[in-house]
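Below: one structure, written as C-alpha cells.
The values are calculated or read from the model by the stated rules, or taken from the named source; none is laboratory data. The shown structure was predicted, so the numbers you read here are calculated from the model rather than taken from an experiment. Methodologically, a virtual Cβ is constructed for each residue, glycine included, from the backbone with ideal geometry; neighbour enumeration extends over all protein chains shown.
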Amino acid sequence: MKKIQNALLATLILIIISCSNNENEGTVPQIHNPLENPESGPAAGNPNGNSPIPNEAKTEDVSNPDTVIGNGTPESCTCDAVVDAVAKGGKIVFDCGDKPLTIKMDKPAKVFNNASDKIVIDGGGLITLSGNGVTRILYMNTCDENQVWTTSHCNNQDHPQLTVQNITFADGNSTNENEFDGGGAIWVRGGRFKAVNCRFFNNKCASVGQDVGGGAIRVFSQYNNSPVYIVNSTFGGAEGYGNVGANGGAISSIGVSWTIINSVFSHNKAIGEGGNPARPNTPGGGSGGAIYNDGNEMTLTINGTLIEKNEVVEFGSSIFFVSNNKTGDIVIDNSVIKNNIGGSWYPVYPSISMHQETPIKVTNSIIE
C-alpha cells in the first residue's frame with residue numbers, strides 16, 4: 001500500500017510541475033520570426049526584446065491564402081503580380097522558390113478599399129519588395145476616391161485592415177509624390193495597420209518640409225484612435241541601412257497612436273531644416289530621428305525596443321512627440337534609447353523632444 005501511495009504522490013508532483021511549466025511558458029507570448037537570422041542585412045526585431053505581444057499585434061494566419069504570387073520560380077514573381085494581388089485584397093503569400101528574392105517595383109501596390117476588409121501581405125521571410133530608388137512600395141488611403149470610398153466617414157472606418165509581415169521593404173522613394181507625401185515605403189490613412197517581423201532599409205521621402213515625413217512609414221487616421229502596431233521589426237539596424245526623411249527618419253504620423261514592441265530603430269535620419277513651424281528663411285523639418293508624432297490625443301508606447309544612433313538637425317534625435325493640446329502621453333518599458341545624435345529641446349529625457357507637461361512613464365529602461 002505504501003508503494004502505491006508513493007507512486008501516486010510522484011505522479012501528482014509531475015502533473016503539478018508540468019502545469020506550472022506550461023503556465024510560465026505562456027507569460028511572454030512569442031511569435032515565429034523567419035527574419036530572425038536572415039542571410040543578408042540586419043535581422044528583424046530586437047534580439048534582447050522580450051515584452052509581451054497582444055494577440056491583435058501578432059502575425060495573421062495565412063495558411064489558406066486568397067492569392068499566391070508566383071508559380072515556384074523567381075521569374076514568376078513580378079511587380080505587376082504584386083500590384084494585382086494587393087488590388088484584389090485578402091491574404092497574399094509568395095511562391096518564388098526557396099531562396100531570398102528581391103522584387104523590384106516600378107509603381108506602388110495600392111489597396112482598393114472595397115476589395116476586402118483584410119489585406120495581409122506575408123513574405124515568408126524570403127521576399128524583399130524594393131522601390132528600386134524610384135517609387136513608393138505600398139499605399140492605402142480610405143479617403144482617396146480613386147481607391148473607392150466605402151463609407152461617409154472615411155477618416156474613421158474600421159476597414160481595410162492592412163498587415164505586412166515576414167517581409168522586407170527596401171529602397172522605397174516617395175520624393176516625387178506631391179499630394180500624399182511622406183512614407184517612402186508605405187503610406188496609410190484610415191482603417192488599421194500593423195507591421196510584424198518586417199525590415200525597412202534605405203527608404204526615403206521628401207528631404208525638406210515642416211510636416212512631411214516618414215522615411216519608411218507615414219500613417220494617418222486610424223480607426224477609433226487605435227494604435228498602429230510595430231512588432232519584431234527593424235528600421236535601419238546598421239550603418240548603410242537607415243531610412244531618411246525631412247522628419248521622422250523611420251516613421252511619421254499626425255494624430256496617430258503607436259505601440260512599438262521588441263523592435264530596432266537605428267541609423268535613421270531626419271534631414272530637414274527649420275523645425276515646425278519653420279524658422280524664417282528655412283524650408284522646415286529636421287525633427288524625429290527615428291519617430292515623429294504630431295497631433296493631439298495620441299499615445300506612444302515603446303516596449304522591449306532599442307533606439308540608437310539616429311540623427312536629427314533640429315529636435316528629437318530619437319523621438320519627437322508633440323501633443324498640441326497636451327492630451328497625449330508616452331510609455332516606455334524594458335527599452336534602451338541611447339547614442340542618438342544632434343538636436344535640442346530635451347526638457348525631460350535626452351534625445352526626446354516633448355512638452356514638459358506631457359505625461360511620460362519610464363520603467364526598466366535606459367535613456368541616455
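Could you say which residue among PRO54, PRO42, PRO74, PRO65 is farther than 18 Å from GLN165 by Cα and either of a type in the set (Phe, Trp, Tyr) or modelled with pLDDT of 95 or more (or both)?
Unique residue meeting the criteria: PRO74.
Within the range 150-164, is there a residue that is closer than 17 Å to LEU35 by Cβ and either without any contact (Cβ under 8 Å) to a residue 12 or more places away in the chain or within 20 Å of the chain's Cα centre (by Cα) (or both)? For the range 150-164, residues closer than 17 Å to LEU35 by Cβ and either without any contact (Cβ under 8 Å) to a residue 12 or more places away in the chain or within 20 Å of the chain's Cα centre (by Cα) (or both): present.
Scan the range 34-90 for residues that are farther than 18 Å from ALA170 by Cβ, among the small types (Gly, Ala, Ser) and assigned to a loop (DSSP other than H, G, I, E, B) and the total you get is 6. Taking the range 245-264 as the range and being crowded, with 24+ Cβ neighbours inside 10 Å, over 16 Å from TRP187 (Cβ atoms) and not small (Gly, Ala, Ser) as the test, the residues that pass are ILE260, ILE261, ASN262, VAL264.
Yes or no, residue by residue, for (1) among the polar types (S, T, N, Q); (2) part of a loop (DSSP other than H, G, I, E, B); (3) touching a residue at least 40 places away in the same chain (Cβ under 8 Å); (4) more than 19 Å from LEU138 (Cβ to Cβ):
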{"position": "ASN224", "(1), (2), (3), (4)": "yes, no, yes, yes"}
{"position": "TYR229", "(1), (2), (3), (4)": "no, no, yes, no"}
{"position": "ALA238", "(1), (2), (3), (4)": "no, yes, yes, yes"}
{"position": "ASN247", "(1), (2), (3), (4)": "yes, yes, yes, yes"}
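Screening the range 325-368 for residues that are within 23 Å of the chain's Cα centre (by Cα) and among the charged types (D, E, K, R) and picking the one that is nearest to ALA270 (Cα to Cα) gives LYS338. Scan the range 49-56 and tell me whether some residue there is out of contact with any helix residue (DSSP H, G or I) (no Cβ under 8 Å at 6 or more places or on another chain), polar (S, T, N, Q) and more than 27 Å from ASN364 (Cβ to Cβ). Within the range 49-56, none of the residues are out of contact with any helix residue (DSSP H, G or I) (no Cβ under 8 Å at 6 or more places or on another chain), polar (S, T, N, Q) and more than 27 Å from ASN364 (Cβ to Cβ). Set side by side, the residues GLY272, GLY255 differ, and just one is under 15 Å from SER317 (Cα atoms) and either touching a strand residue (DSSP E or B) at 6+ places or on another chain (Cβ under 9 Å) or at pLDDT below 95 (or both), which is GLY272.
Scanning the range 331-346 for residues being aliphatic (A, V, I, L, M), surrounded by 24 or more Cβ atoms within 10 Å (Cβ to Cβ) and closer than 21 Å to GLY242 by Cβ gives a total of 1. Considering LYS110, LYS104, LYS118, the condition of being surrounded by fewer than 23 Cβ atoms within 10 Å (Cβ to Cβ) and touching a Cys at 6+ places or on another chain (Cβ under 7 Å) is satisfied by LYS104 alone.
Could you check, for the range 277-290, whether at least one of its residues is polar (S, T, N, Q), under 29 Å from PRO52 (Cβ atoms) and at pLDDT 95 or above? Checked against the condition, which is being polar (S, T, N, Q), under 29 Å from PRO52 (Cβ atoms) and at pLDDT 95 or above, the range 277-290 yields no hits at all.
Taking the range 318-327 as the range and being outside any strand (DSSP E or B) and at pLDDT 95 or above as the test, only SER318 passes. Filtered by the rule that a residue be of a type in the set (D, E, K, R) and touching a residue at least 60 places away in the same chain (Cβ under 8 Å), the range 310-339 gives GLU311, ASP333. Just to be sure, is VAL322 more than 22 Å from ASN50 (Cα to Cα) and over 20 Å from the mean Cα position of the chain (by Cα)? In short, no. I need every pair where a residue in the range 259-284 that is more than 25 Å from THR301 (Cα to Cα) has its Cβ under 7 Å from the Cβ of a residue that is basic (Lys, Arg) and outside any loop (DSSP other than H, G, I, E, B), sequence separation at least 6 or different chains. Matching pairs, first to second residue: none at all. Taking (1) among the polar types (S, T, N, Q); (2) within 18 Å of THR234 (Cα to Cα); (3) buried (at least 23 other Cβ atoms within 10 Å of the Cβ) in turn, SER351 satisfies each apart from (2).
Residue count for the range 198-219 under the criterion of being closer than 17 Å to TRP258 by Cβ and either of a type in the set (Lys, Arg) or not in a loop (DSSP other than H, G, I, E, B) (or both): the result is 5. Among the candidates SER287, SER263, the residue that is among the hydroxyl-bearing types (Ser, Thr, Tyr), out of contact with any His (no Cβ under 6 Å at 6 or more places or on another chain) and over 21 Å from LYS361 (Cα atoms) is uniquely SER287.
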